[in-house]
């Protein structure tokens, strides 16, 4: 890991003490906060060089792999996360994604709201079907309160 200082260009907000606020001091920043810039020194115990942007773990640690088909609108999502994909003749994109927990992969696929289809593994595909059916049932009736009254 690099030990060189990196200057953060973004502002770091630091709260003012309650005593200063009580005296009526004015601040041009929201919520009584002051902006300041600070140099950033990477922590030597944290090495992100082996990770892809946005990856929860290095690919070498993956327990399982899932094959997904994405609609073309998700191309930038895959590219931003450096997930390799193959463009298919119909315009869709096929990607293999690593995962450690099948429950996570099921939720990950469902969050694309139909923009991604899990091709394999079959057990995770069945989990996506069950979760999606549960969501669909929850939205087929008008919302009700905990007591069963329509909202």
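Which numbered condition trips up residue 49, out of (1) out of contact with any strand residue (DSSP E or B) (no Cβ under 6 Å at 6 or more places or on another chain); (2) closer than 24 Å to residue 131 by Cα; (3) modelled with pLDDT under 90?
(2)
Please find, among 69, 73, the residue that is loosely packed, with under 11 Cβ neighbours inside 10 Å and at pLDDT 90 or above.
Testing whether each residue is loosely packed, with under 11 Cβ neighbours inside 10 Å and at pLDDT 90 or above leaves just 73.
Within segment 138-150, does at least one residue satisfy the condition of being without any contact (Cβ under 8 Å) to a residue 60 or more places away in the chain, in contact with a helix residue (DSSP H, G or I) (Cβ under 9 Å, 6 or more places away or on another chain) and not in a strand (DSSP E or B)?
So far as segment 138-150 goes, no, none of its residues is without any contact (Cβ under 8 Å) to a residue 60 or more places away in the chain, in contact with a helix residue (DSSP H, G or I) (Cβ under 9 Å, 6 or more places away or on another chain) and not in a strand (DSSP E or B).
Here's a check for you: in segment 99-125, which residue that is out of contact with any helix residue (DSSP H, G or I) (no Cβ under 9 Å at 6 or more places or on another chain) and modelled with pLDDT of 95 or more is nearest to residue 61 (Cα to Cα)?
Ranking the qualifying residues of segment 99-125, first place goes to 120.
Can you tell which of 93, 100, 78 is under 17 Å from the mean Cα position of the chain (by Cα), under 20 Å from residue 120 (Cβ atoms) and surrounded by 16 or more Cβ atoms within 10 Å (Cβ to Cβ)?
78
The values are calculated or read from the model by the stated rules, or taken from the named source; none is laboratory data. In this text, all values refer to a predicted model and were calculated from it rather than measured experimentally. No Cβ is skipped: glycine too gets one built from the backbone with ideal geometry, and neighbour counts run over all protein chains shown.
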